[in-house]
Amino acid sequence: MTISKLGAFAIGCAVGATTIAIVRTAGFKKACAKVVGAGLQLKDEAAAFVETVKEDAQDIVAEARHNNEANA
């Protein structure tokens, strides 16, 4: 191994150890839970929006059919 490869390996080990230390902290876990919670809330809001649009489209189709039957 050359000096540069050894240095890169040492830096990689240091970064890995630091990452593991950060991941195990309570603050990091709280932050992850907050991000996941926000994502789930966004998913629920998007599903509700899609359902509203779907219902509106069904209402428009039903009204158009009613108007076509009334004109026929």
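The values are calculated or read from the model by the stated rules, or taken from the named source; none is laboratory data. Everything numeric here is computed off the predicted structure, so don't read it as measured data. Calculation scope for accessible area: heavy atoms of the full protein, side chains included, ligands and nucleic acids excluded. Shrake-Rupley method; radii C 1.70, N 1.55, O 1.52, S 1.80 Å.
Couple of notes before you dig in:
- Lysine pair count for the chain with Cα-Cα distance under 29 Å and sequence separation of 8 or more or different chains is 4.
- Phi angles across the stretch 29-43 convert, under the Karplus curve 6.51 cos²θ - 1.76 cosθ + 1.60 with θ = phi - 60°, into 3J(HN,Hα) values of 5, 5, 5, 5, 5, 5, 5, 5, x, 5, x, 5, 5, 4, 4 Hz, Gly and Pro given as x.
- The chain: angle of helix 3-23 to the longest principal axis, Cα-based, in degrees nearest 10: 50 degrees
- Selected from Ala47, Ala26, Ala62 as most flexible by GNM, with the chain as the system and alpha-carbon contacts under 10 Å: Ala62
- Accessible solvent surface per residue of the chain, calculated while the other protein chains remain in place, 1.4 angstrom probe, Å²: 88 Å²
- The three principal axes of the Cα atoms in the chain give end-to-end lengths of 88, 32, 7 Å, sorted in falling order.
- Percent carbon-and-sulfur accessible area, the chain, ignoring ligands, DNA and RNA, probe 1.4 Å: 68 percent
- Taking 0.36 nm per residue of separation and subtracting the current Cα-Cα distance, fully stretching the chain between Arg24 and Ala47 would add 4.9 nm.
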